[in-house]
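Down below is the structure, laid out as structure tokens.
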Amino acid sequence: MDRFSWTTGLLELGETLVVQQRGVRLSDGEEKVKFDSGVLLLSTHRLIWRDQKNHECCIAVPLSQIVFIEEQSSGIGKSAKIVVHLHPASSNKEPGPFQSSKYSYIKLSFKEHGQIEFYRRLSEEMTQRRWESMPTGQAMQVNKDTQAGRIRAVGIVGIERKIEEKRKETDKNISEAFEDLSKLMEKAKEMVELSKSIANKIKEKQGDITEDETIRFKSYLLSMGIANPVTRETYGSGTQYHMQLAKQLAGILQTPLEERGGIMSLTEVYCLVNRARGLELLSPEDLVNACKMLESLKLPIRLRIFDSGVMVIELQSHNEEEMVASALETIFCAVG
Amino acid sequence: MHRRGVGAGAIAKRKLAEAKYKERGTVLAEDQLAQMSKQLDMFKTNLEEFASKHKQEIRKNPEFRVQFQDMCATIGVDPLASGKGFWSEMLGVGDFYYELGVQIIEVCLALKHRNGGLITLEELHQQVLKGRGKFAQDVSQDDLLRAIKKLKVLGNGFGIIPVGGTFLIQSVPAELNMDHTVVLQLAEKKGFVTVSEIKSSLKWETERAKQVLEHLLKEGMAWLDEQAPEEPQYWLPALFTELYSQEITPEEAKEAIP
């Protein structure tokens, strides 16, 4: 933390703000310091930290002081962190909160998240090194280290070892993930086999399977993402879920349809509905399967499929003759 | 089946036998369904465990997503079939791809007036990334292709055409047969094509070449340059994005969808 200097926090001429994040705590190596809760700003030239309660308390360190950075993922009760390894402070550094430090790195704790983006932008700035080509107005301490100088930086061996460890751990994580994935897929495969066997039994015993059981079976297939092998359908390839969805759609689409002359392409509907939902979106197949049930459920909207394959939803109430004339024109507008 | 005897007794006996057979048949299916239900619950637990350890991996790592998708396809499972599926609910893969689908549709709609509904995968990728903004999860070209394959089911004419090592994405239900596709592939090298080139490369007659080009013109996928030195050139705006000085902003793209 002795690399930091007091600053006004105002950006210099030629210095641009890249990203900022609230709720960041600074640590001097492993030790907590009083800089507990602040806004961390990344500019093209510096890393600036301003206390959220006391705006006068503002410190900064030039990006040229940074040797390298690494991520520390969050844990239980611990925020995600970025560890910033720094060159030793230059002798002509402006005064700061600490005269000395036994650590050559600091930690940024992201108590309110934002570390992924911040890390990304910081890495970018470290690569681009824009501070070198954009000199700023203030006489800042610029670390004149060149590549050769960097090699001389303190503790470079320890740093390299850390990079290697991190790479190994990433590799280990990935291979563990693949292993777990393979095991999971084995179990999924068993489910597929079982469903095929049930489907065959259903086919053989035509008429002996109750509607209820068929519906149950279909919902199991839906959960697993297994294609429905049973050809004899009661409600198309739909399930209870699709039936409910169909009813929901009839409600949601009434007004939009009226606003658009009673007709909308399925693509438009897909976008409209999913944009409105935000989360737990519908798959294209969910939408199609639900729409196929509209007519049989006697809902006020219905699905129409043209010879070209284009699919639209239209209001049942609209006069057919009226629609034929303007339908062609509307379809060209709707789908291009 | 033979009729053993005609009397009421024989008929009643047969009916009883049939009923018993039906019952047994139903019981068999019920057994298997119960078994499937139990196994499903077990699988759900396994998937939950997997998700708790590796959900991030799927979100962050495009290569892992590819592996995951390929494995699913191999065993006959479609994790993107329904938003109600376990995969979607627990791993969040569904929302990732369905939202991507919306973004793809919006970009294609916004640019359709320029390229007639044909766009390179590269340009689509760029525009989608721009629209998603800086804080969104990264998407790969493979992700786009998978999302597009899912969109086809909406009957909107989305198609993927391989050209010169990459892909053209078609987003309008225009009829593009083998002839059209081959001409597109020919045009990919320079961004334009002429009747003579088609004739010499593909050994077609003039009439066939002209028909294909006329169709592409009509669909707005090709533009005609009659002032070219030797003969008219048919340019494909989809392949020539450097010409455009104006770019579509995410806001404009959103406005294109009502």
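The values are calculated or read from the model by the stated rules, or taken from the named source; none is laboratory data. Small disclaimer: the values here were computed from a predicted structure and weren't measured. Quick reminder, even Gly has a Cβ in these numbers, built from the backbone with ideal geometry, and neighbours come from all protein chains shown. For the accessible areas, the whole protein counts, side chains as well, though only heavy atoms, and no ligand, DNA or RNA atoms are used. Shrake-Rupley method; radii C 1.70, N 1.55, O 1.52, S 1.80 Å.
Of the residues examined, A:Thr7 is one that is over 23 Å from A:Glu124 (Cα atoms), polar (S, T, N, Q) and surrounded by 15 or more Cβ atoms within 10 Å (Cβ to Cβ). Against the list (1) within 10 Å of the chain's Cα centre (by Cα); (2) free of Cβ contacts under 8 Å to residues at least 12 places away in the same chain, the condition B:Arg146 fails is (2).
Of all the criteria given as (1) more than 9 Å from chain B (Cβ to nearest Cβ); (2) modelled with pLDDT under 90; (3) open to solvent by 10 Å² or more (accessible area, probe 1.4 Å), the one not satisfied by A:Ile305 is (1).
Every condition in (1) open to solvent by 30 Å² or more (accessible area, probe 1.4 Å); (2) under 15 Å from B:Asp179 (Cα atoms) holds for B:Ala222 except the one numbered (1). Among the candidates B:Ser171, B:Ser196, the residue that is in contact (Cβ under 8 Å) with a residue 24 or more places away in the chain, within 13 Å of chain A (Cβ to nearest Cβ) and among the hydroxyl-bearing types (Ser, Thr, Tyr) is uniquely B:Ser171.
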